[in-house]
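Below is one structure, written out as structure tokens; the observations come after it.
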Amino acid sequence: MLPALILALAALGITLFRLWAYRAQMLEMARALEETPAESNLRLTVSMSGTAPRRLCQAVNQRLEEGQQLRLETQRRERELKYTMACVSHDIRTPLAGAMGYLQLLEGEPERQGEYLGIVWKRLEELEELLDELFLYTRLQGGSLPLECGEMAALPPLWDALAEFYPQLKAAGVEPELRFDREDMAVWASPEALGRVYRNLIANALRHGGGGLTISCGEGEICFSNQLPPGPRPDPEHLFDRFYQSSPARGKGGAGLGLSIVRELMERMNGRVSARITGGRLEIKLSFLAP
């Protein structure tokens, strides 16, 4: 009887000790969580043996890691938002200030009404283009722009884009050189998205090119090539980054979103876009998924 009682008391003592140790471990973990700043990299440790304490420690550390990653992502997005607002504010303010300036000149020089109103109209068109690019880029980033892709002829949207830009091409003295091995080339794409890609690339060549525009196509690829103007050269590695400008002056118009939109649209169509500089020319190549 006595040995059994001794064994029972020993078992009770061990159980009470383990309960005390569990309590002490929980209090230590709670203290660490209470005293550690939210941005700390500290993770909990457990000194007790057993599956339950280790699982609890691992689960808490996993939540701490997820919380830290969420904070870092939130901070990154906040920095991007501030940068976006700074860039957009600058680019919107430029044509708007120009339009307002010429409207003020118009009050003092009514005899030049036609000239000044033409400039004001051009500035407002630039502003409309900026807002359109920003809206489209925001929809692409937010995933609220569904694309219906399928097998389609690659060139008809290009003819439409070139016709749309005919006045600007003629004014710039640019006559596109077209080099096509075949005119019945088919690609996997969305007609609306592909047309926007073509228009953005033509606009980029007009705005930032040094003259001339060559468009060629091969098997599953279409290449836009134009001479680069004197001055800073764009970095092909960052050419498709949002708001990228080869010159810090940002004096040639545009919000730096046109080529970013090209990349987003091509990726949404399971294609890709790349750029390189060779012989003083910028080449932007569209590569399509085979239909």
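None of the figures in this text is laboratory data; all of them are computed from the coordinates on show. Here the structure is a predicted model, which is why all the values come from computation and not from measurement. Every residue, glycine among them, receives a Cβ derived from its backbone with ideal geometry; neighbour counts consider all protein chains shown.
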Quick check: Cα centre of the range 169-202 to Cα centre of the range 205-235, how many Å?
12
Out of GLU111, GLU78, GLU148, any idea which swings most in a Gaussian network model of the chain, alpha carbons joined below 10 Å?
GLU111
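Return the FRET efficiency for the residue pair GLU34, THR74: r is the Cβ-Cβ distance, R0 is 30 Å, and the value is rounded to the nearest 0.05.
0.85
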Karplus-derived 3J(HN,Hα) from phi for the range 151-157 (6.51 cos²θ - 1.76 cosθ + 1.60, θ = phi - 60°), whole Hz, x at Gly and Pro, runs 6, 8, 6, 7, 8, x, x
With the chain treated as a Gaussian network of Cα nodes joined by springs under 10 Å, which of MET269, MET185, MET100 yields the largest mean-square fluctuation?
MET100
Whole-Hz Karplus couplings 3J(HN,Hα) for the range 108-123, θ = phi - 60° and coefficients 6.51, -1.76, 1.60, Gly and Pro as x, run x, 10, x, 5, 9, 4, x, 5, 5, 5, x, 5, 4, 4, 5, 5
With each label point set 7 Å from Cα along the Cα-Cβ vector, what nm distance links ARG182 and GLU66?
5.2
Can you compute the modelled spin-label distance between ALA52 and GLU267, with each label point 7 Å from Cα toward Cβ, in nm?
4.8
Before rounding to the nearest 500, sum -39500 (n - 2.57) across all DSSP H runs of length at least 4 in the chain and divide by the residue total; then give [θ] at 222 nm in deg cm²/dmol.
-20000 deg cm²/dmol
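Rounded to the nearest 20 debye, what is the charge dipole size of the chain about its Cα centre when +1 sits on each Lys and Arg Cβ and -1 on each Asp and Glu Cβ? The partial results should precede the final answer.
Details: 33 positive and 38 negative charges, 314 e Å.
I would put it at about 1520 debye.
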Run the simple label-point estimate for GLU175 and ARG43 please: 7 Å along Cα→C-beta, distance reported in nm.
6.8
Who wins for biggest fluctuation among ARG31, ARG112, ARG196 in a Gaussian network model of the chain, springs between alpha carbons below 10 Å?
ARG31
From a point 7 Å beyond the Cα of ASP160 in the direction of its Cβ, which residues of the range 180-214 have a backbone N at a distance under 12 Å?
190-199
